[in-house]
Structure formats: C-alpha cells, structure tokens
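A.B. asks: Have a look at the structure that comes next, please.
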Amino acid sequence: INSIKLYLNNHNINIFKYIINIPHNIICIIVGILLIDGNIEYTSKKNLNNKNIKDINSKLKLKLIINNNNIQYIIYLYLLLSHYCLNIPKINIKIIRGKYIKILELSSISLPCFTLLRINYYNKRIKVLPNNLYDYINYELLAHIIICNSSYSNKNKGGIYLNLYTYNINELIIIINILNIKLNVNSLLHKSKNKYLIYIKNNKLLY
C-alpha cells in the first residue's frame with residue numbers, strides 16, 4: 001500500500017484508487033468513528049449532481065480536542081488506518097466560545113471507497129444509521145465509542161453514558177437493541193436535559 005501511495009504521488013494516476021478497498025475489520029472501526037465525531041467529506045462538490053457518485057472521492061476525518069487520552073488514542077487510530085493516510089495527525093487551533101482550543105485532526109486520503117460509505121451513512125449532510133449496522137457493531141467498535149465520546153456516572157453504582165447526541169430516539173433504540181442482542185451489553189435510553197443518550201449499567205453483561 002505504501003508503495004502504491006508513493007507511486008500515486010509521483011505519477012498522479014487516479015485509477016489505482018479504485019482498487020483500494022476496506023476490509024471488514026477496518027470498516028467496523030470506521031463505523032465506530034462515524035457513530036461519534038468522525039465524518040466523511042466529499043473532496044470536491046463541483047458538478048456533484050452531474051457525475052457518477054462512484055467517481056467522486058471522499059475522505060474520512062476525525063477531530064478531537066487535545067488531552068492526554070485523545071493524543072494516545074489518535075496515535076493508536078492512525079497506526080490502524082495508516083494505509084489510508086498520507087500524513088500523520090495534525091494540530092489545529094480553533095476559537096470555541098471565545099477560547100482558543102487545540103484540535104487534533106486525523107484525515108485520510110480521498111478514495112471512492114469512502115464515498116460508498118458516505119452514501120450509506122448520510123442523508124445529504126445528516127448522519128443516519130445504515131440498514132446493515134448490526135453486521136459491524138462489535139466490542140472493538142464499542143470501545144472506540146467509549147474512548148471518544150462517553151462519560152462516567154457515579155450514580156446507581158456507576159455506569160457509562162454514550163454521548164451520541166447526533167441521533168434521534170428511534171436511532172438510539174436501534175443501537176441499544178443491537179448492543180443488548182449482539183454484544184449482551186445491558187444498555188438503555190437515558191434523558192439528559194432535552195437530549196437523549198445511551199446508558200450502560202456498571203453490571204453491563206446480561207445474565
């Protein structure tokens with residue numbers, strides 16, 4: 001793969017991008033990223049409606065606020081996805097609520113295979129759950145969600161909140177059912193102010 005990427009840089013032959021695919025174990029990781037703060041973006045939106053969608057390249061991006069845990073996680077994630085990345089994760093500075101915040105960003109190269117994923121996981125600009133989500137949810141995917149976008153509760157003997165605010169109640173219930181049925185994880189719907197999230201009890205395994 002590294003030699004192919006080098007060849008692409010030197011010769012600009014885009015045809016090789018069509019032979020790059022994503023194996024099942026890597027798709028599971030990417031799906032976990034998409035369920036949290038990850039996004040798939042079109043490389044170019046010009047003439048999007050006039051082109052075959054399969055001929056449009058897209059890239060995977062993940063942006064996290066820098067802390068010790070996120071730095072270690074992004075490095076680990078980069079090692080897993082380095083076949084699809086030309087550059088190491090980079091640091092950007094953004095102004096959020098009047099404060100300068102350091103953001104760590106992981107970005108892939110632009111590939112048609114990411115465009116195919118975007119078709120299944122987006123309705124225009126809004127993330128949606130794909131029909132085959134059950135096939136990809138596993139313990140590793142759940143670990144990525146917990147590392148990136150969860151919080152711990154000290155109430156009721158503790159537990160973990162999965163902060164999946166992007167999704168509506170029906171979509172969260174679908175995720176809960178998959179966690180309960182496929183992974184034997186005792187999860188339920190929890191309301192936090194005006195939003196809903198998923199709560200995993202401390203005794204998460206069902207008996």
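A.B. asks: Hey, any hits in the range 166-181 for a residue that's open to solvent by 30 Å² or more (accessible area, probe 1.4 Å), out of contact with any Cys (no Cβ under 8 Å at 6 or more places or on another chain) and assigned to a strand (DSSP E or B)?
C.D. replies: No: zero hits.
A.B. asks: List, please: which pairs have Cβ atoms under 7 Å, are six or more places apart or on different chains, and start with a residue in the range 173-187 that is of a type in the set (G, A, S) and end with one that is assigned to a helix (DSSP H, G or I)?
C.D. replies: Hits for this filter: S187/I176; S187/L179; S187/N180.
A.B. asks: Something else: From the residues in the range 135-144 that are among the hydrophobic types (A, V, I, L, M, F, W, C) and in a helix (DSSP H, G or I), which one is farthest from I175 (Cα to Cα)?
C.D. replies: So, considering only residues that are among the hydrophobic types (A, V, I, L, M, F, W, C) and in a helix (DSSP H, G or I), the one farthest from I175 (Cα to Cα) is A143.
A.B. asks: Additional query: If you check I95 against the conditions, is it among the hydrophobic types (A, V, I, L, M, F, W, C) and either buried (at least 16 other Cβ atoms within 10 Å of the Cβ) or touching a residue at least 40 places away in the same chain (Cβ under 8 Å) (or both)?
C.D. replies: No; evaluated as a whole, the condition is false for this residue.
A.B. asks: On to the next question. Hey, I119 hits all of (1) outside any strand (DSSP E or B); (2) modelled with pLDDT of 90 or more; (3) under 24 Å from I26 (Cβ atoms) but one; which does it fall short on?
C.D. replies: (2)
A.B. asks: Any residue that is under 19 Å from the mean Cα position of the chain (by Cα), open to solvent by less than 60 Å² (accessible area, probe 1.4 Å) and farther than 24 Å from I26 by Cβ - is there at least one of those in the range 135-152?
C.D. replies: Within the range 135-152 (the criterion being under 19 Å from the mean Cα position of the chain (by Cα), open to solvent by less than 60 Å² (accessible area, probe 1.4 Å) and farther than 24 Å from I26 by Cβ), the answer is yes, since at least one residue qualifies.
A.B. asks: When you scan the range 124-134, how many residues do you find that are part of a loop (DSSP other than H, G, I, E, B) and buried (at least 17 other Cβ atoms within 10 Å of the Cβ)?
C.D. replies: 1
The values are calculated or read from the model by the stated rules, or taken from the named source; none is laboratory data. As the structure is a prediction and not an experimental result, all values here were calculated from the model. Backbone-built Cβ (ideal geometry, glycine too); neighbour counts: all protein chains shown. Calculation scope for accessible area: heavy atoms of the full protein, side chains included, ligands and nucleic acids excluded. Shrake-Rupley method; radii C 1.70, N 1.55, O 1.52, S 1.80 Å.
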